[in-house]
Amino acid sequence: MIDFTHVGDFSWRYFCYNLYLKFFHNHLYYRKMYVINRENIPDKGKPVLIIYNHQNGLSDPLNILYMFDDFRQPVFIARGDIFKKDRVAKILRFLKILPTFRSRDGGVSDIKYNMTSFSIAAKVLNDGGTLVIAPEAQHQQGHYLGSFKKGFPRIAFAAEEMADFKLDLQILPVNIHYKDYYNARSEVVLTVGEPFGCTEFAENFKTDPNIAYRLLNEKARTRLKAITPDIEAYEDYYQEIDLLRQMWVKPRLQKKGLSSSYFPNYPAEEVTLLQDIATMQQQKPQEFSELMQITREYVDELQKLNLRDWIIGRKAGWAKVLLYTIVAVLLFPLFLFGLVSNILPFEFPALFRKKIKDRQLHSSFNFVGGMVSFTVYYLLVLAIAWIVSKSFLCALGCVFAMIVSFFIFYAYKKALIKLKALWRYYKLQHAGQTKQAEKLKEELVAFNA
């Protein structure tokens, strides 16, 4: 195992590498990234342990990394099985990622390395650094919090113990909320909760560490859950509740006079919505059962029609469908230019993504693969165009046109998917096959009124 002792030290190479990566992440891959309650982030130099809801592979820690505007270099905790090869471990060390081991990843023998990792992590915090860990120790397949493992509280108490419980460690909960898990050019919101400490459990730790770990986990989970839309309690109704979450938030925001096009308004309203549904389940169980039955029937109808909720109930007259089709035909040459110019780097990540069964890792491959493929591709085009034209400005203009055409191509591609859905809905509607779905949606809307 290679030495990670200095993983928390400031690195100029890492700083330069992150300048480009942050630009690609915040402005190219995501259309917009928001940080809510930024004032809750402790100042640089204050020991901070960040915990977050883990749903989306590498995308989650990248969003945490690039929410800071003070150029700090957080150290991340990751599962130890990916550190097995020294070559890979050195890259991960450069990226400021520290391993912790779970018995299910590589055997009980690897657990002995955790004491070293926890000691290094505690030192990072005692040096005034920022440490980031997913307390669930794995990503979840949906909008819910998993159980918290012991790794997070062990590090917190190890850091405080190293300072004789005078460190004043700040534990910072952060909720990451995606508009779209899998595709680029979407939006993401990070909601920063209020920081809290763990010294109130110091005496518990001194007498029985396991009790202290449990108490801190309970407190931390409560704090993170308060800012996280969590459907965990509805194990038997996850699909139904998730659909209602998507259907009901927009009209609820509009009713409150809040913008439904401003994505940062969504996470807090979704938390409130789920709390209201929980209240209905407790106080009006018959009404809740009826709601779940209607929602289940609606889900079945959507699957049968091969349609999504957003299109049900829309006015899909022939004039509207025809107008959208004409516009699509007129803009097709621009789409074609963007397609031809960018198809190679665009499809490159798919070569690796198709081999990954866990869909929650797909966005990670889209981001990393896209960053590498588009960067290399555009640099090659720039070099070739420069050689052929013998003019750097001409070559730069060529690359700029290709970059602009990519955004046109990608927007057109998404619009074309919606146009195909509109045509399908128009045909099914005129065949009388959408009446049941429309009726069920009206009933669900009435529940939310």
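The values are calculated or read from the model by the stated rules, or taken from the named source; none is laboratory data. Here the structure is a predicted model, which means the values were calculated and not measured. Ideal geometry is used to build each Cβ from the backbone, glycine not excepted, and the neighbour counts take in all protein chains shown. Side chains included, ligands, DNA and RNA excluded: accessible areas come from the protein's heavy atoms. Shrake-Rupley method; radii C 1.70, N 1.55, O 1.52, S 1.80 Å.
Some values worked out for this structure:
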| item | result |
| --- | --- |
| Some residue of region 103-118 being modelled with pLDDT of 95 or more and buried (at least 18 other Cβ atoms within 10 Å of the Cβ) | no |
| Any hit, region 134-152, residues being polar (S, T, N, Q) and outside any loop (DSSP other than H, G, I, E, B) | no |
| Close pairs from region 325-350: first closer than 16 Å to A411 by Cα and of a type in the set (A, V, I, L, M), partner open to solvent by less than 50 Å² (accessible area, probe 1.4 Å) and assigned to a helix (DSSP H, G or I), Cβ under 6 Å, at least 6 apart | A328/L419; L339/F409 |
| Condition met for Y213 (assigned to a helix (DSSP H, G or I), surrounded by fewer than 17 Cβ atoms within 10 Å (Cβ to Cβ) and out of contact with any Asp or Glu (no Cβ under 7 Å at 6 or more places or on another chain)) | no |
| Residue pairs meeting the criteria (Cβ under 8 Å; at least 6 apart or on separate chains; first open to solvent by less than 30 Å² (accessible area, probe 1.4 Å) and of a type in the set (S, T, Y), in region 217-231; second in a helix (DSSP H, G or I) and at pLDDT 95 or above) | T228/P267; T228/V271 |
| Top-ranked residue in region 345-387 [being at pLDDT 90 or above and outside any helix (DSSP H, G or I); ranked as least open to solvent (accessible area, probe 1.4 Å)] | P349 |
| Among residues of region 232-260, those that are open to solvent by less than 40 Å² (accessible area, probe 1.4 Å) and out of contact with any helix residue (DSSP H, G or I) (no Cβ under 9 Å at 6 or more places or on another chain), counted | 1 |
| Region 296-322, subset more than 19 Å from A431 (Cβ to Cβ) and within 26 Å of the chain's Cα centre (by Cα), residue least open to solvent (accessible area, probe 1.4 Å) | V299 |
| Residue list for region 11-67, filter: in contact with a Lys or Arg (Cβ under 9 Å, 6 or more places away or on another chain), part of a loop (DSSP other than H, G, I, E, B) and not polar (S, T, N, Q) | K44, G45, Y66, M67 |
| Failed condition for E200, given (1) touching a residue at least 40 places away in the same chain (Cβ under 8 Å); (2) open to solvent by 40 Å² or more (accessible area, probe 1.4 Å) | (1) |
| Residue that is open to solvent by 10 Å² or more (accessible area, probe 1.4 Å), of a type in the set (D, E, K, R), touching a residue at least 60 places away in the same chain (Cβ under 8 Å) and touching a helix residue (DSSP H, G or I) at 6+ places or on another chain (Cβ under 6 Å), where the choices are E194, E187 | E194 |
| Residues of region 278-301 classified as farther than 15 Å from V445 by Cβ and among the aliphatic types (A, V, I, L, M), total | 4 |
| Matching residues, region 261-280, being surrounded by fewer than 16 Cβ atoms within 10 Å (Cβ to Cβ) and hydroxyl-bearing (S, T, Y) | S261, Y262, T272, T279 |
| Candidates K439, K414, filtered to the one that is closer than 30 Å to I277 by Cα, assigned to a helix (DSSP H, G or I) and out of contact with any Leu (no Cβ under 9 Å at 6 or more places or on another chain) | K439 |
| Number of the condition not met by A78 [criteria: (1) of a type in the set (A, V, I, L, M); (2) assigned to a helix (DSSP H, G or I); (3) without any contact (Cβ under 8 Å) to a residue 24 or more places away in the chain] | (2) |
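Listed here are the residues, each with its yes/no results for (1) hydrophobic (A, V, I, L, M, F, W, C); (2) surrounded by fewer than 21 Cβ atoms within 10 Å (Cβ to Cβ); (3) at pLDDT 95 or above; (4) in contact with a Leu (Cβ under 8 Å, 6 or more places away or on another chain).
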| residue | (1), (2), (3), (4) |
| --- | --- |
| V124 | yes, no, yes, yes |
| Y144 | no, no, no, no |
| P153 | no, no, yes, yes |
| L169 | yes, no, yes, yes |
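For every residue, the table says whether it meets (1) touching a Cys at 6+ places or on another chain (Cβ under 9 Å); (2) open to solvent by 30 Å² or more (accessible area, probe 1.4 Å); (3) over 23 Å from G197 (Cα atoms).
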residue	(1), (2), (3)
G57	no, no, yes
I64	no, no, no
D69	no, yes, yes
P74	no, no, no
I82	no, yes, yes
F94	no, yes, yes
